[in-house]
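Note sheet for the following structure.
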Amino acid sequence: MRQNVNESQRQGGHAPGGRVTAMPGPTVSHQRYPPVSGYSASHTQHAQQTLAWSQRAYKGLNANQIGMLRINLYAYEPTFNAKGQPCIVDGIKEGLRISSDITTRALCGLIRETLRLPLLEYCGSVPFDMNDMVIRDASNGGWMRLDPHSEDSYFGDTFLKPHPRKKDGGLIFSIPANMKPPVFGLVFTAGVWKQLEEI
């Protein structure tokens, strides 16, 4: 900078009043960077987070009615064991913290994104499409299919209870003390599972 000022003064660029007039800067060559081949996990979650925050703004829920809860994620075989229970794929388990007011659509997106890398590693060279895999809620022995297009709050008022110190019917967020984390999973299609068994 000092060098540019001194050069400006020598060339008569020094204006009256002690100001220096601008000189053209040095020419900078722009390096070419290799093209980016994809987005990070943060990029994929941006749209879901934006949607969740915009929906939260219109729901009228206050900060006392929204909380974070932990969920467990698994991958399942398309078959059941002898007791009629779904078979968990060994080695694929993830944990995730989510907002209690998450929509079903956003929840499905987070489940798919969180299990994507473990499933890719597990399947190796066997091709599969995550969009063909059904998402199930396996909490408390259930096996409910999630609608990945629903904009409804998945948990609804499940974690709301009357405020203990208010008589006006106000509700607050509360997780029961003995509650186990909700369990969700992606279920392999029969065709993909058959190919995996043949390896």
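Nothing in this text is a laboratory measurement; each read-out follows from the coordinates by a stated rule. Predicted, not measured: the structure shown is a model, and the values here were computed from it. Here the Cβ is made from the backbone with ideal geometry for all residues, glycine too, and neighbour counts use every protein chain on show.
Before moving on, here are some points about what is shown:
- For the range 153-192, diffusion coefficient by Stokes-Einstein and Kirkwood Rh (Cα), 37 °C, 0.692 mPa s, µm²/s: 246
- Going from the residue with the fewest nearby Cβ atoms within 10 Å to the one with the most, Cys123, Cys87, Cys108 rank Cys87, Cys123, Cys108.
- Cα coordinate range in the range 70-199, projected on the principal axes (Å, largest first): 63, 31, 20
- Efficiency of FRET from Cβ geometry, Asp152 and Phe80, R₀ 22 Å, rounded to 0.05: 0.20
- Radius 12 Å from Cβ of Asp137, net charge of other residues (Lys, Arg +1; Asp, Glu -1): +1
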